[in-house]
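Comments concern the structure below.
The values are calculated or read from the model by the stated rules, or taken from the named source; none is laboratory data. On a predicted model such as this, the values are computed, not experimentally measured, just so you know. Methodologically, a virtual Cβ is constructed for each residue, glycine included, from the backbone with ideal geometry; neighbour enumeration extends over all protein chains shown. Note: accessible area is taken over every heavy atom of the protein model, side chains too, but ligands, DNA and RNA are not part of it. Shrake-Rupley method; radii C 1.70, N 1.55, O 1.52, S 1.80 Å.
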Amino acid sequence: PRKTLVEIHSTIGKLVDQLDDMLGALLSGDEEVNEGGAGLKGKEGQEGALSGIKLYKGETLLELTERWKLLQNKLYDEESDTFDLSRVPDVHDNVRFDMLHNPHLGLTETLQKLYELAKSMADCVVPQEYGITVQEKRDIGAKMCHTLLEKINYDLTIARTDNQVDMRYLINMDYSADLPINSMGRRVRSRLYFTSESHLHSMLNVLRFESTKENSVPSPLSERGRKILANASELCYLTQVVIRLFEDTQKPPEDPKRFRVEILFSPGATATPRHMAELYREKDAARFDTEKLQKISIEGLTCTQVEEFFEQAIRDGKTTEDADESSKGTVSDAEKEKKAKKKAKKEKIKKAESTSAVNDKVNEKTEIDTNANKMESEVEDPSAAGAVEESQCR
């Protein structure tokens with residue numbers, strides 16, 4: 001491995017030197033400019049976007065060069081004379097990217113050599129990022145993809161139950177005229193999940209390795225299926241894991257064998273970056289080829305077995321934070337009694353305040369009524385009031 005890493009580092013250095021030469025030629029102005037200024041001409045008169053204008057996604061030649069210089073420095077530490085294995089996948093991704101999207105730079109030979117070296121190391125390093133031992137692979141996989149497993153498990157349950165359970169997935173009737181489907185009112189049971197390579201590695205590790213706990217549910221994969229996964233060196237573009245659910249209507253509803261499951265796998269695209277980088281690639285339909293799907297599940301696998309396996313993996317994948325979050329809804333009897341007493345006390349205080357407010361209003365009304373009666377008594381006998389005034393005057 002160290003010899004391969006030394007070669008990778010040396011090849012990156014050669015690539016950086018070639019990119020620096022291109023930049024030097026650009027800055028010196030020695031290269032012949034294409035008509036219209038959309039790049040520079042190479043030695044053979046071929047158009048190459050040395051100015052960076054035509055690099056993929058607007059990246060400049062300077063940015064591309066700095067990207068590779070950074071990888072070169074991060075991969076190897078001269079002071080400690082050590083290689084950083086976590087940078088191997090980065091080298092693999094970057095060389096693949098440039099072979100696919102920047103083939104017109106004329107660096108295909110150097111990139112091809114670097115790709116072969118990086119891939120041989122990445123095929124070893126990448127799977128180890130998700131655990132080294134079987135137990136680590138299982139634990140890391142269950143933690144990383146337990147949410148995805150929950151969704152798949154839920155959809156399996158919906159798919160094998162009647163239409164009254166979940167009516168959200170119906171065919172859009174607005175497009176009924178364009179769809180050659182006889183039963184438009186039926187539910188759509190197909191599901192498509194798009195996820196990352198890391199989640200695919202995690203999910204496949206969960207399927208391959210069952211839990212080490214007591215009464216664990218066996219893996220739904222066959223020995224042949226596990227070998228197929230073990231021999232898949234890379235999960236490339238369009239990697240697929242297909243879960244098919246079949247129903248035998250001749251069996252009673254309570255029979256577990258009524259619903260049968262098949263799991264299939266394909267590692268995706270077969271075309272290499274060199275194949276894709278050829279100038280005539282648009283004329284070559286073989287670049288769309290993918291590995292055929294192969295069945296990796298055991299024979300006679302029932303939906304119940306799959307659901308039980310997923311449920312155990314989901315439980316194993318629950319983190320401490322998830323457990324704390326779920327325990328928030330669980331309240332002890334003592335806490336319930338304490339809350340009930342506190343609530344009763346609040347209600348008592350509220351009731352007392354309400355009663356006090358009513359009494360205040362009653363007293364206020366009584367005082368108003370008393371004053372009103374007094375005023376009425378004073379106004380009732382005006383003659384008496386006049387007599388009193390007259391006697392006073394006398």
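See the values below:
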{"read-out": "Residue list for the stretch 233-266, restricted to those being hydroxyl-bearing (Ser, Thr, Tyr), out of contact with any Gly (no Cβ under 9 Å at 6 or more places or on another chain) and open to solvent by 80 Å² or more (accessible area, probe 1.4 Å)", "value": "249"}
{"read-out": "Some residue of the stretch 204-217 being free of Cβ contacts under 8 Å to residues at least 12 places away in the same chain and open to solvent by less than 80 Å² (accessible area, probe 1.4 Å)", "value": "no"}
{"read-out": "Candidates 254, 197, 214, filtered to the one that is under 29 Å from residue 290 (Cβ atoms) and either over 26 Å from the mean Cα position of the chain (by Cα) or modelled with pLDDT under 95 (or both)", "value": "197"}
{"read-out": "Filter result for residue 135 (in a helix (DSSP H, G or I), of a type in the set (S, T, N, Q), in contact with a helix residue (DSSP H, G or I) (Cβ under 7 Å, 6 or more places away or on another chain) and at negative phi)", "value": "no"}
{"read-out": "From the options 13, 45, residue that is modelled with pLDDT under 90 and either surrounded by fewer than 17 Cβ atoms within 10 Å (Cβ to Cβ) or farther than 25 Å from residue 272 by Cα (or both)", "value": "45"}
{"read-out": "Matching entry among 75, 100 (being open to solvent by less than 40 Å² (accessible area, probe 1.4 Å), over 18 Å from residue 21 (Cα atoms) and more than 28 Å from the chain's Cα centre (by Cα))", "value": "75"}
{"read-out": "Only listed residue being hydrophobic (A, V, I, L, M, F, W, C), surrounded by fewer than 15 Cβ atoms within 10 Å (Cβ to Cβ) and on the phi < 0 side of the Ramachandran plot, chosen from 230, 269", "value": "230"}
